[in-house]
Amino acid sequence: MNYKYVVVGAGLAGLTIAERIANVLNEKVLIIEKRNHIGGNVYDSYNDEGILIHNYGPHIFHTNDKEVYDYLSRFTSWYEFWHRVLTYVDGNLIPMPITVETINQLYNINLSCDELEDFLKKQAVPIDDIKTSKDVALSKVGLDIYEKIFENYTKKQWGIDPAELDTSVISRIPIRFNRDTRYFADRYQGMPKHGYAKMCEKMISNKNIKLLLNTDYKEVIDQIQYETLIYTGPTDYFYDYKHGKMLYRSIRFEYETFSKEEYQSVPVVNYPNDYDYTRITEFKKLTGQEHFKTTIVKEYPNSDGEPYYPFPTKDNKDLFALYQEDMKKEKNVIFLGRLAEYRYYNMDAVVRRALDVFEGGLNG
Ligand code: FAD
Ligand code: UDP
């Protein structure tokens with residue numbers, strides 16, 4: 001087989017770059033995907049009850065990047081909604097991320113927005129050199145809020161203490177000195193109106209694109225002649241683990257369907273201090289689907305399953321740096337996406353990255 005471009009992995013990174021190659025360059029491209037579907041972790045499907053679920057955990061699209069939003073809007077229209085999350089602390093459901101509403105409900109007080117800043121300043125632990133996720137939280141909200149909201153959730157999610165995780169993890173969660181209880185403040189947010197899988201299908205509906213599902217690229221790559229390989233799988237696997245295995249965090253998803261219209265009042269409820277799962281998502285609350293039953297998913301983090309989250313600790317970054325030395329030497333391989341670049345990219349960031357790589361030229 002002869003293809004100028006081969007893409008390994010049909011997640012958003014791989015699909016975006018394949019779409020650009022096929023439509024802009026009008027070149028043939030082969031996508032090799034080991035799963036039996038496209039979309040990578042954003043894949044969604046209808047379960048036996050007819051409810052649209054996300055097969056790899058809740059995915060909410062949000063971005064301030066107009067170009068990325070416009071790009072994806074070519075392949076889908078949007079169900080627009082504002083994502084909301086409550087967290088279960090001391091027997092109450094309070095809004096996440098932290099806003100003046102969160103603090104007022106947590107302590108049964110009545111601060112104004114202006115008073116919140118002073119309140120948090122008094123709680124905050126002064127830390128000169130902020131190095132870890134624990135430092136981030138303590139320096140912003142102090143010990144009590146850290147223990148109630150962040151510490152145990154993070155331990156469950158990552159299996160280690162926040163003091164061992166770099167700053168990027170907890171920094172994802174903003175502190176808002178207002179009453180905006182939306183989970184994301186980004187300008188554009190929502191769900192592809194007919195689901196992510198349909199959006200992904202449209203991205204690659206071009207006769208220049210050939211798709212090989214159920215195939216690990218190593219099974220076939222020796223039989224294919226190509227000029228450029230765009231690799232979006234795990235980098236350690238690409239190099240046969242020569243420097244050792246990179247750590248990823250995985251999640252076991254447990255789905256349940258109930259014969260009632262509503263399970264909880266918001267799309268996601270976090271459980272930092274109770275149960276073994278981190279959060280419960282109710283899909284109809286994300287997608288706007290109407291149905292007389294409802295499906296939820298509970299997330300149980302673990303370290304053995306599919307690689308989902310790169311693990312941002314110093315040791316892992318050091319290990320990845322060894323692989324990066326090898327990656328730099330490749331002449332005709334481009335490493336792209338959450339797994340290959342070992343970065344905690346959101347959907348918009350991974351599409352942005354793929355568009356930028358394409359614009360930069362595909363010569364490896
Ligand atoms: P992936 O989607 O992982 O795609 C990589 C593909 O490569 C996979 O399909 C894999 O099967 C394939 N592959 C791997 N190895 C091989 C091989 N050897 N041969 C062939 N194929 C191979 N982002 C948001 O913006 N909002 C959210 O709400 C959000 N929620 C998330 C929730 C969870 C639980 C997770 C895990 C992620 C979430 N994300 C969210 C992030 C989002 O999933 C990623 O940004 C995006 O999926 C990354 O796309 P990718 O193409 O880099 O990787
Ligand atoms: N986090 C937390 N408490 C919460 C929500 C999040 O401690 O109630 C921390 C946790 O470490 C998590 C990180 O903040 O991994 C980022 O949260 P986000 O909701 O962005 O996680 P994702 O949706 O990517 O899993």
Hey, ALA321 hits all of (1) of a type in the set (Gly, Ala, Ser); (2) at pLDDT below 95; (3) surrounded by fewer than 13 Cβ atoms within 10 Å (Cβ to Cβ) but one; which does it fall short on? (2)
Count - residues of region 321-348 that are touching a strand residue (DSSP E or B) at 6+ places or on another chain (Cβ under 8 Å) and not acidic (Asp, Glu): 14
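Grab the strands (runs of 3 or more DSSP E) fully contained in region 37-131, keeping just those with 2 or more residues being over 22 Å from THR278 (Cβ atoms) and more than 17 Å from the chain's Cα centre (by Cα).
Per the criteria, 44-46, 78-80.
Inside region 209-227, can you point out the residues that are surrounded by fewer than 20 Cβ atoms within 10 Å (Cβ to Cβ) and among the β-branched types (Val, Ile, Thr)? Let's see the steps before the verdict.
From region 209-227, those surrounded by fewer than 20 Cβ atoms within 10 Å (Cβ to Cβ) are 210-216, 218-227; that's our starting set.
THR215, VAL220, ILE221, ILE224 - these are the residues of region 209-227 that are surrounded by fewer than 20 Cβ atoms within 10 Å (Cβ to Cβ) and among the β-branched types (Val, Ile, Thr).
With the requirement that a residue be among the aromatic types (Phe, Trp, Tyr) and out of contact with any Phe, Trp or Tyr (no Cβ under 6 Å at 6 or more places or on another chain), what does region 339-358 give you? Explain how you work it out, then say what you get.
Residues of region 339-358 that are among the aromatic types (Phe, Trp, Tyr), as a first pass: 342, 344-345, 358.
Those that are among the aromatic types (Phe, Trp, Tyr) and out of contact with any Phe, Trp or Tyr (no Cβ under 6 Å at 6 or more places or on another chain): TYR344, TYR345, PHE358.
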Name the one entry in LYS156, LYS140, LYS210 that is within 13 Å of ligand 2 (Cβ to nearest atom), at pLDDT 95 or above, touching a Leu at 6+ places or on another chain (Cβ under 8 Å) and among the basic types (Lys, Arg). LYS140
Residue among ILE109, ILE21, ILE51, ILE31 that alone is more than 16 Å from ligand 2 (Cβ to nearest atom), surrounded by fewer than 17 Cβ atoms within 10 Å (Cβ to Cβ) and among the aliphatic types (A, V, I, L, M): ILE109
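Working only within region 152-176, note down all residues that are assigned to a helix (DSSP H, G or I), touching a helix residue (DSSP H, G or I) at 6+ places or on another chain (Cβ under 6 Å), touching a residue at least 24 places away in the same chain (Cβ under 8 Å) and surrounded by 15 or more Cβ atoms within 10 Å (Cβ to Cβ).
Keep residues of region 152-176 that are assigned to a helix (DSSP H, G or I), which gives 152-158, 162-164, 170-172.
Narrowing further to those that are touching a helix residue (DSSP H, G or I) at 6+ places or on another chain (Cβ under 6 Å): 154, 162-163, 170-171.
Checking the rest, the ones that are also touching a residue at least 24 places away in the same chain (Cβ under 8 Å) come to 162-163, 170-171.
PRO162, ILE170, listed by residue number.
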Which of the numbered conditions does LYS298 fail, given that it passes all the others? Conditions: (1) closer than 22 Å to LEU12 by Cβ; (2) not in a loop (DSSP other than H, G, I, E, B). (1)
Qualifying position, being hydroxyl-bearing (Ser, Thr, Tyr) and within 16 Å of ligand 1 (Cβ to nearest atom), among THR313, THR281, THR257, THR294: THR281
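Determine which member of the set ASP65, ASP70 is more than 30 Å from ILE109 (Cβ to Cβ), charged (D, E, K, R) and either within 15 Å of ligand 2 (Cβ to nearest atom) or crowded, with 16+ Cβ neighbours inside 10 Å (or both).
ASP65
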Name every residue in region 321-362 that is of a type outside the set (A, V, I, L, M), within 22 Å of TYR226 (Cβ to Cβ) and more than 20 Å from the chain's Cα centre (by Cα), in order of residue number. TYR323, ASP326, LYS328, LYS329, GLU330, LYS331, ASN332, PHE358, GLU359, GLY360, GLY361
Check whether at least one residue in region 93-102 is surrounded by fewer than 19 Cβ atoms within 10 Å (Cβ to Cβ) and either within 15 Å of ligand 1 (Cβ to nearest atom) or free of Cβ contacts under 8 Å to residues at least 12 places away in the same chain (or both), and report yes or no. no
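Only one residue in THR167, THR215, THR228, THR181 is more than 14 Å from ligand 1 (Cβ to nearest atom) and farther than 25 Å from ASP356 by Cβ. Which one? Before the answer, list the steps.
Details: THR167 fails: farther than 25 Å from ASP356 by Cβ; THR215 fails: more than 14 Å from ligand 1 (Cβ to nearest atom); THR228 fails: farther than 25 Å from ASP356 by Cβ.
Going through THR167, THR215, THR228, THR181 in turn, the sole match is THR181.
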Against the conditions (1) more than 15 Å from ligand 2 (Cβ to nearest atom); (2) at positive phi, where does GLN289 fall short? Just the number, please. (2)
Show me the helices (runs of 4 or more DSSP H) entirely contained within region 302-360 in which 1 or more residues are within 18 Å of GLY11 (Cα to Cα) and away from ligand 2 (no atom under 16 Å from the Cβ). 337-340, 347-360
Members of region 244-261 found to be more than 30 Å from TYR323 (Cβ to Cβ) and in contact with a Leu (Cβ under 9 Å, 6 or more places away or on another chain), listed by number: none
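The values are calculated or read from the model by the stated rules, or taken from the named source; none is laboratory data. These numbers come from a predicted model, not from an experiment. All Cβ positions, glycine included, derive from the backbone under ideal geometry; neighbour counts span all protein chains shown.
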